[in-house]
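*Asks:* After the structure tokens below, expect a handful of questions from me.
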Amino acid sequence: MKAIEIRNKYLKFFEKHGHKVIPSSPLIPENDPSVLFTTAGMQPLVPYLLGQKHPEGTRLTDYQKCVRTNDIDEVGDNRHLTFFEMLGNWSLGDYFKEESIQMSYDFLTTELGIPAEKIYVTCFAGDEDCPKDELTASCWEKAGISKDRIYFYGKEDNWWIAGEEGPCGPDTEMFYDTGKPKCSPDCQPSCDCGKYVEIWNNVFMEYYKKDGKYTKLIQKNVDTGLGLERMTMLLQGKETPFDTELFKGVMDKLKELAKVDDIASIRIVAEHMRSSMMIIADGGRPSNIDRGYILRRLIRRMTRHLNKLQIDLNELPNLLDLNIDILKEMYPELNEHRQEIKEVITTEKDKFMKTLNNGEREFNKVINRLKSQGINKIDGKTIFNLYETYGFPPEVTKDLATENGFSVDLSEVDKLFKEHQEKSRMGSDQKFKGGLAEQNDKTIAYHTATHLLNAALKKVVGENSHQRGSNITAERMRFDFNCDHKLTDEEKQKVEEIVNEWIKEDLPVTVETMKKEDALKSGAECMFIEKYPDEVTVYTIGNVSKELCGGPHVKHTGELGHFKIVKEEASSQGVRRIKAILEDK
Ligand code: SER
């Protein structure tokens with residue numbers, strides 16, 4: 001079964017069970033500074049897991065594009081990926097353990113045809129925060145998993161939370177038995193020898209963790225995640241995701257072009273290329289901080305390994321075209337942004353090659369100096385300086401140093417890097433504090449206009465339209481929202497009319513502080529509820545808009561001027577983007 005068939009089967013199955021199919025959120029959660037990329041299907045749904053009403057109801061399903069980079073250095077082995085797709089279904093205070101488990105069992109055995117004997121499951125063993133999950137185990141038994149294939153583990157294996165604070169709960173994980181021999185008599189699903197592969201995770205989210213303490217949420221949710229690449233690999237009986245149709249075409253081409261036989265490098269190139277393309281298609285650009293730096297690292301690493309494989313870098317545009325052609329059915333946004341993707345990656349590659357050349361010159365100077373002093377070790381500070389001043393990556397320094405008979409002390413480099421990262425993290429925390437980096441009358445007016453636009457879109461496009469991101473400068477506002485079609489001229493005109501009418505009415509903008517829970521209950525709109533403290537500020541505009549927001553805003557809508565849409569375009573799949581200006585009255 002191909003990946004796209006698995007995706008379609010999944011969405012259809014849950015649709016049949018009363019779930020609404022919602023679009024994948026972009027990889028880049030524009031207004032959420034807490035995470036660099038979308039890392040799980042539940043992430044864009046946090047407000048709804050906490051109790052906000054979702055316009056599509058209480059049963060949802062989607063495929064979510066995800067990027068996780070904590071294991072970036074592991075890519076090259078047979079399983080790690082930085083970009084992956086997660087299939088998910090959610091109950092927002094609707095069904096709970098019984099139904100969730102029955103549906104998972106049916107999907108795996110009936111739709112995917114996995115024999116029940118190949119499925120092992122794990123449940124939460126219980127501790128002082130939450131009792132042993134006997135119910136989950138009995139649901140599995142009832143569904144058809146025999147007792148000897150049900151295991152209980154503690155929080156380290158069977159509890160799920162994104163980070164340190166947020167909605168969480170015990171989970172039940174499903175494992176696929178590959179049929180390989182046990183690595184030891186004690187080998188069981190928690191063992192990572194490769195016999196058992198985790199395929200699906202159902203989280204029973206009924207807790208909220210804060211400051212190490214757990215409290216009950218106002219509703220019991222289910223949050224599930226199934227990794228598409230892994231499932232595809234298993235169903236096709238392949239050893240790695242790189243052997244499936246998602247990567248194979250590009251892997252084969254790379255093998256053909258490479259003059260050196262190095263499977264790890266070939267995987268790194270194929271994986272980082274896919275990841276970079278996806279990030280760029282969703283608006284990411286290389287830079288020296290945060291997300292941009294991750295993208296930069298991915299492209300640089302890809303380039304370095306292309307070099308290592310002795311593949312002519314002029315092949316890069318062709319490789320990108322090939323990769324886009326392979327993936328465009330699953331991710332049409334790649335095709336839509338083909339030109340940009342090629343430009344961004346090629347430009348970054350060129351920059352990096354310059355950096356490499358300059359850095360190498362500098363590196364040689366250092367080496368010669370050390371040699372003349374009879375030293376054969378490069379210390380961490382020198383490696384770090386080569387990085388900071390010339391952008392010369394430590395792993396390249398290390399490779400070259402070793403080739404020149406030098407030893408390197410990477411532990412010190414790690415320490416310096418951590419300090420450096422901490423500094424830039426603090427910098428970005430600072431940047432996001434309070435919402436708007438740069439505030440003046442114009443940006444404040446635009447900020448209020450985004451609330452009006454958000455409310456107007458709900459009237460014209462429908463209640464399902466929600467803010468997905470925004471960006472404000474003193475010259476214009478940009479606003480992303482979910483919507484499944486290009487707005488017609490009439491719709492755009494209608495939106496403008498409504499916003500301008502509200503401006504003309506000179507509605508008062510008021511702010512109040514309230515408990516987060518009360519704010520949600522009052523129906524206030526919000527994008528990233530978990531990032532707000534317990535006490536939140538809610539901005540209300542007349543009786544047309546109510547949103548959780550850090551402000552600041554104008555006092556009366558009459559201050560805004562004339563609202564005009566200058567552009568409406570696609571942002572990513574299922575997400576549209578409006579650029580608008582406020583003209584002087
Ligand atoms: N949030 C859980 C995970 O990421 C289930 O979707 O595994």
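*Asks:* Got a number for the accessible area of H553? Probe 1.4 Å, square angstrom, nearest 10.
*Replies:* Spelled out: H553, probe radius 1.4 Å, area about 20 Å².
*Asks:* Sort the chain into rounded, prolate or oblate with this rule: let a ≥ b ≥ c be the square roots of the eigenvalues of the Cα gyration tensor; rounded if a/c is under 1.5, and if a/c is not under 1.5, prolate when a/b is larger than b/c, oblate otherwise.
*Replies:* It comes out oblate by the Cα gyration axes.
*Asks:* I've got another one for you. Please name whichever of F481, T61, F406 sits farthest to the positive end of the charge dipole of the chain, dipole taken about the Cα centre and charges placed at Cβ: Lys and Arg +1, Asp and Glu -1.
*Replies:* Value: F406.
*Asks:* Evaluate the distance, in nm, between pseudo-label points positioned 7 Å from the Cα of M1 and of K213 along their respective Cα→Cβ axes.
*Replies:* Distance between label points: 4.5 nm.
*Asks:* OK, next. How far apart, in nanometres, would the label points at E245 and E505 be if each is projected 7 angstrom from Cα along the Cα-to-Cβ direction?
*Replies:* Modelled inter-label distance: 5.3 nm.
*Asks:* Between the DSSP loop rule and a limit of at most 13 other Cβ atoms within 10 Å, which GluC sites (Glu not before Pro) in the range 197-274 are left?
*Replies:* E239
*Asks:* Please report the accessible area of L257 (heavy atoms, 1.4 Å probe, ligands and nucleic acids excluded) in Å², nearest 10.
*Replies:* Probe radius 1.4 Å; accessible area of L257 about 40 Å².
*Asks:* Quick check: residue separation of T347 and K255 times 0.36 nm, minus the Cα distance between them. What number comes out in nm?
*Replies:* That pair, T347 and K255, stretches by 30.7 nm at full extension.
*Asks:* Any chance you could look up the accessible area of D584 with a 1.4 Å probe, heavy atoms only, rounded to 10 Å²?
*Replies:* About 130 Å², rounded to the nearest 10.
*Asks:* Report the calculated FRET efficiency for R369 and H420 (r = Cβ-Cβ distance, R0 = 22 Å), to the nearest 0.05.
*Replies:* After rounding to 0.05, the efficiency reads 0.35.
*Asks:* Using label points projected 7 Å from each Cα along Cα→Cβ, tell me how many nm separate T537 and D518, to one decimal.
*Replies:* A separation of 1.7 nm, rounded to one decimal place.
*Asks:* In the range 487-585, what GluC sites (Glu not before Pro) fall in a loop by DSSP, with at most 14 other Cβ atoms inside 10 Å?
*Replies:* Within the range 487-585, the qualifying GluC sites (Glu not before Pro) (loop, at most 14 other Cβ atoms within 10 Å) are E505.
*Asks:* A further question follows. Rounded, prolate or oblate: pick one for the range 465-507, where a ≥ b ≥ c are the square roots of the eigenvalues of its C-alpha gyration tensor, a/c under 1.5 means rounded, and failing that, prolate if a/b is larger than b/c, else oblate.
*Replies:* Here the range 465-507 falls in the oblate category.
*Asks:* Between K16 and D312, what's the calculated FRET efficiency when r is the beta-carbon distance and R0 is 60 Å? Round to 0.05.
*Replies:* Calculated transfer efficiency: 0.75.
*Asks:* Could you tally up the Lys pairs in the range 1-84 with alpha carbons closer than 23 Å? Skip any pair fewer than 8 positions apart unless they're on separate chains.
*Replies:* 11
*Asks:* Sticking with this structure for a sec: Quote the FRET efficiency, to the nearest 0.05, computed for L135 versus D177 with a Förster distance R0 of 22 Å and r equal to the Cβ-Cβ distance.
*Replies:* Once the sixth-power term is evaluated, E becomes 0.35.
*Asks:* Express in nm, to one decimal, how much length is gained between E340 and D399 on full extension, taking 0.36 nm for each residue of separation and deducting their alpha carbon distance.
*Replies:* Extra length from E340 to D399 when fully extended: 18.0 nm.
*Asks:* Which value in deg cm²/dmol, rounded to the nearest 500, describes the helix-derived mean residue ellipticity at 222 nm for the chain, given -39,500 (n - 2.57) per DSSP H run of n ≥ 4 and division by the residue count?
*Replies:* For the chain, the value works out to -13000 deg cm²/dmol.
*Asks:* While we're looking at this one, here's another question. Any lysines with Cα under 20 Å of the K354 Cα? List them, leaving off those in the same chain fewer than 8 positions away.
*Replies:* Here the lysines satisfying the reach criterion relative to K354 are K308, K342, K365, K398.
*Asks:* On a full-extension model of 0.36 nm per residue, what is the gain between N440 and D325, subtracting their alpha-carbon distance, rounded to one decimal in nm?
*Replies:* Full-extension gain reported as 36.9 nm.
*Asks:* Okay, moving on. Check each of the trypsin sites (Lys or Arg not before Pro) in the range 446-518 and keep only those in coil by DSSP with at most 13 other C-beta atoms within 10 angstrom; list them in order.
*Replies:* Those that pass, being in a loop and sparsely packed, are K486.
*Asks:* Under the classification rounded if a/c is under 1.5, otherwise prolate if a/b is larger than b/c and oblate if not, where does the range 531-585 fall, given a ≥ b ≥ c as square roots of the Cα gyration tensor eigenvalues?
*Replies:* Oblate.
The values are calculated or read from the model by the stated rules, or taken from the named source; none is laboratory data. Worth saying up front: this structure is predicted, and the values here are computed from it rather than measured. In this analysis, Cβ positions are derived from the backbone assuming ideal geometry, glycine residues included, and neighbour counts consider all displayed protein chains. Just so you know, the surface numbers come from the protein's heavy atoms only, side chains and all, with ligands and any DNA or RNA stripped out. Shrake-Rupley method; radii C 1.70, N 1.55, O 1.52, S 1.80 Å.
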